[in-house]
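**Q** Have a look at the structure that comes next, please.
The values are calculated or read from the model by the stated rules, or taken from the named source; none is laboratory data. Worth saying up front: this structure is predicted, and the values here are computed from it rather than measured. A quick note on method: Cβ atoms are made from the backbone with ideal geometry, for glycine too, and the neighbour counts reach across all protein chains shown. Areas reflect the complete protein model, heavy atoms only, side chains present, ligands, DNA and RNA absent. Shrake-Rupley method; radii C 1.70, N 1.55, O 1.52, S 1.80 Å.
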Amino acid sequence: MSAGLRARRESATAPASLPPYDLPGLDPRWSRVVDVVDADGTSRGFHVLDTGPDTALAGTLVCVHGNPTWSYLWRELVARPPVGWRVVAVDQLGMGWSERIGAVRRLAPRVDDLGRLTDALGIKGPVITVAHDWGGPVSLGWALAHPDQLAGVVLTNTAVHQPAGSPAPALIRTARTPGLLRVLCEQTPAFVRGTTALSRPHPPKGVRDAFAAPYSSADRRSAVADFVADIPLEDDHPSMPALTAIAEGVRGLKVPVLLAWGPSDPVFSDLYLQDFLERIPHADVHRYEGASHLVTEDAPALFDDVRAWVEGLAGAVPEDQAVTPRPAQARARRPMGAALAERAADPASADEQALAELGVGGRSISWSRLSQVVDELASGLSAAGVRRGERVAVLVPPGADLTAAVYACWRIGAVIVVADAGLGARGLARALRGAWPDHLIAIDRGLLAARALRIGGRRFAAGSMSATRARLLGAESTLAALAAAGRGVVLPEGPGPEDEAAVVFTSGATGPAKGVVYLHRQVEANRDALIDLYGVVPSDRLVAAFAPFALYGPAMGIASAVPDMDVTKPGSLDAVRLADAVRAIGATLVWASPASLRNIVATAGDLDEVRRDDLRSVRLLMSAGAPVPSGLLHQMGDLLPSAEAHTPYGMTEVLPVADISLTDIDAVGEGGEGICVGRPVPGARLRIAPLDNVGAATGIPTDQTEVSGEVLVAAPWAKQRYDRLWATESRAARDAGWHRTGDVGHLDSEGRLWIEGRLAHVVTTAEGPVTPVGVEQRVEGLTLVRSAACVGVGPAGAQVVVVLVVPEKAPAGRDILADPELAAAVRDVAKVAVAAVLVRRDFPVDVRHNSKVDRAELATWAAEQLA
């Protein structure tokens with residue numbers, strides 16, 4: 001060390017102190033200074049936030065910040081600790097309000113410092129460490145040194161290793177550049193201020209200033225620069241041995257671990273999350289979409305989730321509140337490819353059509369050929385290194401290539417990742433980055449999208465594509481080449497029933513799309529439930545105009561056809577294209593979304609007599625994804641005169657849940673509170689968690705009739721879990737064996753389920769909760785109204801009901817308050833107190849189904865208008 005630097009270092013010393021009393025969210029009573037004798041025998045002053053030893057009934061959370069933050073990062077956890085837990089948040093030496101020591105403090109001494117501090121505080125365990133940024137390695141070093149005290153680990157955006165083949169984060173490399181390090185981190189507040197600037201939106205100014213408060217001068221920022229310089233990117237770095245020991249040591253952690261992550265972090269991205277999952281595969285994970293580096297600031301729900309996770313480690317559902325689902329009846333297992341192999345092996349059906357793909361470049365494939373392609377492609381993928389349990393994202397439109405790819409992956413135990421292109425570029429990127437596939441199978445547009453969206457994984461090209469073009473698009477090989485390489489290669493052992501089969505993403509209609517994990521037994525049970533429910537037999541043939549079910553024909557052993565349509569735009573299916581698909585295979589079954597049905601009815605006039613006659617072969621029409629008006633089903637009945645119309649109710653997490661036919665819809669009639677979706681399908685069970693006065697589903701689940709609340713379902717084909725969304729899963733499955741759907745409804749005296757809306761859309765008035773669907777149906781019964789939406793405006797628990805309407809006659813000017821006649825008519829039929837009636841030309845709907853009204857957006861708009 002030069003004389004000048006040594007002198008500057010010595011001038012940078014300062015004793016520990018207490019932070020200003022007026023920092024937002026910080027209670028001065030939490031602050032104290034603790035004297036600790038370090039390894040050199042020198043007494044050092046540590047500033048800590050501490051709820052006090054008298055709160056440690058269950059144990060202690062030891063919270064460690066990173067660079068350039070301080071214990072203020074954990075103020076929300078200190079303010080509201082998990083029940084029975086003490087919280088201690090430490091300022092590391094040279095950081096926050098702890099002592100400035102005038103010397104570089106490397107990783108190993110910092111780990112030792114933390115151990116000496118916990119000893120000085122009398123912390124004996126159980127201990128859960130909580131950390132962020134470079135507090136992660138420090139806290140994990142403590143955890144590995146105190147296994148007898150350790151009860152759990154919580155990590156937020158941090159790292160212990162630079163994954164091979166990837167560069168260190170650009171921001172870190174820039175900050176460590178000689179000549180810039182001291183300028184950015186010490187001589188100016190650029191690094192300190194830049195950390196809070198990463199958040200979107202930025203934290204309030206008072207919070208940003210509070211984070212920067214301990215670092216008001218260059219002397220007080222010297223450890224900020226030292227911390228950056230101590231990041232061991234080089235093999236000969238002094239801290240590399242300590243970090244390597246920690247990185248390898250965490251592989252042996254047996255305690256519960258929670259990884260709470262901000263995936264938009266430009267420093268510790270999902271790359272580092274994936275590294276932790278490779279080292280700690282049993283860890284619980286929750287990714288907070290949109291959250292960046294300071295995930296503790298960007299994700300308001302994070303600390304509630306941490307509290308729930310900590311409290312849940314020792315907690316359990318009280319016996320009087322537990323709801324135990326009835327076990328499913330045993331059924332001989334049939335893998336998803338069993339029926340395909342059987343039809344191919346049967347001389348009577350081997351050469352029959354298995355799949356018809358309509359549209360430009362359409363083709364047909366027989367059972368024997370499809371089975372051969374699946375086996376060859378499975379062998380080729382296996383030979384190329386695709387292993388059991390690895391994830392394969394499939395960006396291929398419904399048809400022969402998609403079917404072959406999916407069944408080949410299932411045959412070798414690979415897990416397919418299915419994300420609808422209808423999510424849009426941003427939604428698709430979020431979904432695929434969240435699932436973190438090991439491999440990607442895609443057509444040319446998918447390969448280009450993967451490159452543009454920076455989706456990782458090895459890539460294989462689908463479709464008719466030359467090897468040269470595939471390589472230009474970043475693909476290692478084509479499906480055709482893989483199948484050719486797989487001919488004659490022995491297939492590996494297939495997956496078991498408890499192996500993962502798929503990660504399927506929700507529509508994104510009620511928030512960011514969520515990945516839903518299914519095991520093979522659950523996918524197989526789903527297939528069996530549909531076969532049983534609709535009496536599917538080998539002579540049936542399916543037109544699948546709803547993308548997820550385009551894959552189910554081979555699993556059911558029935559021929560299927562994919563219509564000439566854009567599956568990301570359900571409304572693109574018209575009557576002529578439907579009739580052509582029915583004719584191609586002599587279809588008896590049709591599955592289509594409500595948006596498809598509306599366009600089919602609208603274009604029915606384009607049908608000639610031959611096509612109308614072709615539609616007579618259909619015996620069953622199924623439509624799902626959003627409520628289907630009975631009038632629309634009756635109009636479809638005119639086109640499909642031999643078909644019985646059914647509307648199964650369910651969601652990506654579990655489908656089907658209930659089912660109702662058009663005959664039953666007509667028999668039920670109108671006037672009920674909500675939409676009747678029928679009785680639970682065989683094998684599914686329903687419960688209702690009653691709503692409390694503020695609209696929360698806090699009641700004990702029941703099967704009593706006429707009780708409104710959140711709908712719970714148990715079925716052998718329900719999802720296994722949400723993918724990397726621990727908090728979402730814990731809320732949805734907090735009743736063991738049951739899935740909380742997020743829908744609100746009730747059971748009637750006949751055992752039928754009525755859906756009254758989404759739990760998130762319940763209007764919480766001072767008089768109690770109001771569910772939206774019943775109000776909307778009554779208002780839509782007015783001749784003046786085409787569509788209606790019921791929303792709440794105001795603070796929770798004191799909201800007022802606002803009804804928005806799209807009138808049959810569009811308003812001449814801008815969106816306005818309803819005229820007195822219309823407003824009076826709405827109030828007369830609503831059966832609830834309506835504060836205002838607003839008029840719009842149309843309603844926002846989700847892009848995937850083109851059917852679900854976005855009540856949240858309408859509520860925001862209504863509040864703005866009424867303000």
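**Q** Assess whether GLY446 counts as being among the small types (Gly, Ala, Ser) and over 22 Å from ALA339 (Cα atoms).
**A** Numbers: among the small types (Gly, Ala, Ser): yes; over 22 Å from ALA339 (Cα atoms): yes.
Answer is yes for this residue.
**Q** Can you find a residue that is open to solvent by 30 Å² or more (accessible area, probe 1.4 Å) and at positive phi anywhere in region 436-443?
**A** Yes, region 436-443 has at least one match.
**Q** Any idea which of GLU864, GLU756 is of a type in the set (D, E, K, R), open to solvent by less than 20 Å² (accessible area, probe 1.4 Å) and modelled with pLDDT of 90 or more? Reasoning before the result, please.
**A** On the way: GLU864 fails: open to solvent by less than 20 Å² (accessible area, probe 1.4 Å).
Sole residue among the options that is of a type in the set (D, E, K, R), open to solvent by less than 20 Å² (accessible area, probe 1.4 Å) and modelled with pLDDT of 90 or more: GLU756.
**Q** Across region 288-298, which residue is least open to solvent (accessible area, probe 1.4 Å) among those that are more than 15 Å from GLY136 (Cα to Cα) and in contact with a Leu (Cβ under 7 Å, 6 or more places away or on another chain)?
**A** As a first pass, look at region 288-298 and keep what is more than 15 Å from GLY136 (Cα to Cα): 288-292, 297-298.
Imposing the further condition that a residue be in contact with a Leu (Cβ under 7 Å, 6 or more places away or on another chain) reduces the set to 288, 292.
Details: TYR288: 23, SER292: 6 Å².
The residue in question is SER292.
**Q** What pairs come out if I take residues in region 259-283 that are closer than 14 Å to ARG724 by Cβ and of a type in the set (A, V, I, L, M) and pair them with residues that are at pLDDT 95 or above and assigned to a loop (DSSP other than H, G, I, E, B) whose C-beta lies under 6 Å away, six or more apart or interchain?
**A** LEU259/ALA283; ILE280/LEU253
**Q** In region 11-108, which strands (runs of 3 or more DSSP E) lie fully inside it and hold 1 or more residues that are under 21 Å from THR156 (Cβ atoms), among the charged types (D, E, K, R) and at pLDDT 95 or above?
**A** The qualifying strands (runs of 3 or more DSSP E) are 43-50, 85-90.
**Q** A follow-up question, please. Find the residue count for region 800-852, including only residues that are at pLDDT 80 or above, within 18 Å of ALA862 (Cβ to Cβ) and assigned to a loop (DSSP other than H, G, I, E, B).
**A** Of the residues in that region, 10 qualify.
**Q** Working only within region 768-783, note down all residues that are on the phi < 0 side of the Ramachandran plot and touching a residue at least 40 places away in the same chain (Cβ under 8 Å). Don't jump to the end; show me each part of the working.
**A** Within region 768-783, the subset on the phi < 0 side of the Ramachandran plot is 769-783.
Of everything in region 768-783, those that are on the phi < 0 side of the Ramachandran plot and touching a residue at least 40 places away in the same chain (Cβ under 8 Å) turn out to be PRO769, VAL770, THR771, PRO772, VAL773, GLY774, VAL775, GLN777, ARG778, VAL779, GLY781, LEU782.
**Q** Here is a follow-up. Quick one: would you say SER593 is out of contact with any strand residue (DSSP E or B) (no Cβ under 8 Å at 6 or more places or on another chain) and modelled with pLDDT under 95? Spell out how you get there, then give the answer.
**A** Working: out of contact with any strand residue (DSSP E or B) (no Cβ under 8 Å at 6 or more places or on another chain): yes; modelled with pLDDT under 95: yes.
In short, yes.
**Q** With respect to VAL694, determine if the residue is part of a strand (DSSP E or B) and out of contact with any helix residue (DSSP H, G or I) (no Cβ under 6 Å at 6 or more places or on another chain). It would help to see each step written out before you state the result.
**A** On the way: part of a strand (DSSP E or B): no; out of contact with any helix residue (DSSP H, G or I) (no Cβ under 6 Å at 6 or more places or on another chain): yes.
In short, no.
**Q** Looking at this structure, is LEU822 open to solvent by 50 Å² or more (accessible area, probe 1.4 Å), over 30 Å from LEU573 (Cβ atoms) and in contact (Cβ under 8 Å) with a residue 12 or more places away in the chain? Let's see the steps before the verdict.
**A** Numbers: open to solvent by 50 Å² or more (accessible area, probe 1.4 Å): no; over 30 Å from LEU573 (Cβ atoms): yes; in contact (Cβ under 8 Å) with a residue 12 or more places away in the chain: yes.
It is false that LEU822 is open to solvent by 50 Å² or more (accessible area, probe 1.4 Å), over 30 Å from LEU573 (Cβ atoms) and in contact (Cβ under 8 Å) with a residue 12 or more places away in the chain.
**Q** Also, I was wondering about something else. Among the residues of region 406-414, are any part of a loop (DSSP other than H, G, I, E, B), touching a strand residue (DSSP E or B) at 6+ places or on another chain (Cβ under 7 Å) and either surrounded by 21 or more Cβ atoms within 10 Å (Cβ to Cβ) or not basic (Lys, Arg) (or both)? Please lay out each step first, then the result.
**A** Step one: of region 406-414, the residues part of a loop (DSSP other than H, G, I, E, B) are 413-414.
Subsequent filtering for residues that are touching a strand residue (DSSP E or B) at 6+ places or on another chain (Cβ under 7 Å) retains 414.
In the following step, the residues that additionally are either surrounded by 21 or more Cβ atoms within 10 Å (Cβ to Cβ) or not basic (Lys, Arg) (or both) were identified as 414.
Among the residues of region 406-414, at least one is part of a loop (DSSP other than H, G, I, E, B), touching a strand residue (DSSP E or B) at 6+ places or on another chain (Cβ under 7 Å) and either surrounded by 21 or more Cβ atoms within 10 Å (Cβ to Cβ) or not basic (Lys, Arg) (or both), which makes the answer yes.
**Q** Given (1) surrounded by fewer than 21 Cβ atoms within 10 Å (Cβ to Cβ); (2) part of a helix (DSSP H, G or I), where does LEU482 come up short, assuming only one miss?
**A** Checking LEU482 against (1) surrounded by fewer than 21 Cβ atoms within 10 Å (Cβ to Cβ); (2) part of a helix (DSSP H, G or I), the one that fails is (1).
**Q** Then there is this: If I go through region 492-539 residue by residue, how many of them are part of a helix (DSSP H, G or I) and open to solvent by 30 Å² or more (accessible area, probe 1.4 Å)?
**A** Step one: filter region 492-539 for residues part of a helix (DSSP H, G or I), giving 520-534.
Subsequent filtering for residues that are open to solvent by 30 Å² or more (accessible area, probe 1.4 Å) retains 521, 531-533.
Qualifying residue count, region 492-539: 4.
**Q** For residues that are over 19 Å from SER264 (Cβ atoms) and part of a loop (DSSP other than H, G, I, E, B), scanning just region 189-208, find the one that is most open to solvent (accessible area, probe 1.4 Å).
**A** Looking at residues that are over 19 Å from SER264 (Cβ atoms) and part of a loop (DSSP other than H, G, I, E, B), I get PRO204.
**Q** If you don't mind, another one. Name the single residue that is nearest to GLY625 (Cα to Cα) among those in region 540-551 being open to solvent by 10 Å² or more (accessible area, probe 1.4 Å) and modelled with pLDDT under 90.
**A** Here the answer is PHE546.
**Q** Give the residue that is farthest from SER593 (Cα to Cα), with candidates limited to residues of region 444-460 that are among the basic types (Lys, Arg) and surrounded by fewer than 19 Cβ atoms within 10 Å (Cβ to Cβ).
**A** Filtering region 444-460 down to residues among the basic types (Lys, Arg) leaves 445, 451, 454, 458-459.
If we keep only those that are surrounded by fewer than 19 Cβ atoms within 10 Å (Cβ to Cβ) as well, we get 445, 451, 454, 458.
Values: ARG445: 25, ARG451: 31, ARG454: 32, ARG458: 34 Å.
Filtering region 444-460 for residues that are among the basic types (Lys, Arg) and surrounded by fewer than 19 Cβ atoms within 10 Å (Cβ to Cβ), the one farthest from SER593 (Cα to Cα) comes out as ARG458.
**Q** Among the listed residues LEU423, LEU428, LEU381, LEU402, which satisfies the condition of being closer than 19 Å to ARG471 by Cβ, among the aliphatic types (A, V, I, L, M) and either open to solvent by 10 Å² or more (accessible area, probe 1.4 Å) or part of a helix (DSSP H, G or I) (or both)? It would help to see each step written out before you state the result.
**A** On the way: LEU423 fails: closer than 19 Å to ARG471 by Cβ; LEU428 fails: closer than 19 Å to ARG471 by Cβ; LEU402 fails: closer than 19 Å to ARG471 by Cβ.
On inspection, the qualifying residue turns out to be LEU381.
**Q** Report, by residue number, each residue of region 391-408 that is farther than 19 Å from LEU447 by Cα and either at pLDDT below 95 or not small (Gly, Ala, Ser) (or both). Before you say what the answer is, go through the steps one by one.
**A** Looking only at region 391-408, we keep the residues that are farther than 19 Å from LEU447 by Cα, and these are 407-408.
Listed by number, the list holds a single entry, TYR407.
**Q** A follow-up question, please. If you go through region 229-251 one residue at a time, how many are β-branched (Val, Ile, Thr), open to solvent by less than 50 Å² (accessible area, probe 1.4 Å) and at pLDDT 95 or above?
**A** Just the residues of region 229-251 that are β-branched (Val, Ile, Thr), to begin with: 231, 244, 246, 250.
Then drop every residue that is not open to solvent by less than 50 Å² (accessible area, probe 1.4 Å), which leaves 231, 246, 250.
Remaining after also requiring at pLDDT 95 or above: 246, 250.
Total satisfying the criteria: 2.
So that you can scan it fast, the table gives a plain yes or no per residue for (1) within 22 Å of the chain's Cα centre (by Cα); (2) buried (at least 18 other Cβ atoms within 10 Å of the Cβ); (3) in contact (Cβ under 8 Å) with a residue 24 or more places away in the chain:
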site: TYR649; (1), (2), (3): yes, yes, yes
site: VAL657; (1), (2), (3): yes, yes, yes
site: THR663; (1), (2), (3): no, no, no
site: ALA667; (1), (2), (3): no, no, no
site: GLY683; (1), (2), (3): no, yes, yes
site: ALA689; (1), (2), (3): no, yes, yes
site: SER708; (1), (2), (3): no, yes, yes
site: VAL711; (1), (2), (3): yes, yes, yes
site: TYR722; (1), (2), (3): yes, yes, yes
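**Q** Looking at the structure I just gave you, is LEU370 modelled with pLDDT under 95, crowded, with 21+ Cβ neighbours inside 10 Å, touching a helix residue (DSSP H, G or I) at 6+ places or on another chain (Cβ under 8 Å) and not acidic (Asp, Glu)? Give the derivation first.
**A** Numbers: modelled with pLDDT under 95: no; crowded, with 21+ Cβ neighbours inside 10 Å: yes; touching a helix residue (DSSP H, G or I) at 6+ places or on another chain (Cβ under 8 Å): yes; not acidic (Asp, Glu): yes.
Criteria not met by LEU370.
**Q** Ok, one more. Of all the residues that make up region 624-645, how many are open to solvent by less than 30 Å² (accessible area, probe 1.4 Å), under 18 Å from VAL543 (Cα atoms), free of Cβ contacts under 8 Å to residues at least 40 places away in the same chain and not in a helix (DSSP H, G or I)?
**A** 1
**Q** Follow-up. Looking only at region 655-680, how many residues end up being at pLDDT 95 or above and farther than 23 Å from GLY637 by Cα?
**A** Matching residues across region 655-680 total 2.
**Q** If I filter region 236-290 down to residues being part of a loop (DSSP other than H, G, I, E, B) and among the charged types (D, E, K, R), which single residue comes out as farthest from ALA314 (Cα to Cα)?
**A** The initial filter retains those residues of region 236-290 that are part of a loop (DSSP other than H, G, I, E, B), namely 236-239, 253-256, 262-269, 280-283, 288-290.
Pick out the ones that are also among the charged types (D, E, K, R) and you get 236, 254, 265, 289.
Values: ASP236: 43, LYS254: 16, ASP265: 32, GLU289: 28 Å.
Among those that are part of a loop (DSSP other than H, G, I, E, B) and among the charged types (D, E, K, R), it is ASP236.
**Q** Another question, if that's okay. Kindly evaluate PRO548 against the criterion of being under 22 Å from GLU609 (Cα atoms) and touching a residue at least 40 places away in the same chain (Cβ under 8 Å).
**A** Values: under 22 Å from GLU609 (Cα atoms): no; touching a residue at least 40 places away in the same chain (Cβ under 8 Å): yes.
Considered against the rule, which asks whether it is under 22 Å from GLU609 (Cα atoms) and touching a residue at least 40 places away in the same chain (Cβ under 8 Å), PRO548 comes out as no.
**Q** Also: From the list ARG105, ARG75, ARG44, which one is open to solvent by 10 Å² or more (accessible area, probe 1.4 Å), over 28 Å from SER239 (Cβ atoms) and among the basic types (Lys, Arg)? Working first, answer last.
**A** Values: ARG105 fails: over 28 Å from SER239 (Cβ atoms); ARG44 fails: over 28 Å from SER239 (Cβ atoms).
Answer to the selection: ARG75.
**Q** Which one of the conditions (1) touching a helix residue (DSSP H, G or I) at 6+ places or on another chain (Cβ under 6 Å); (2) more than 12 Å from LEU640 (Cβ to Cβ); (3) touching a residue at least 40 places away in the same chain (Cβ under 8 Å) does VAL543 fail to meet, given that it meets all the rest?
**A** Unmet condition: (2).
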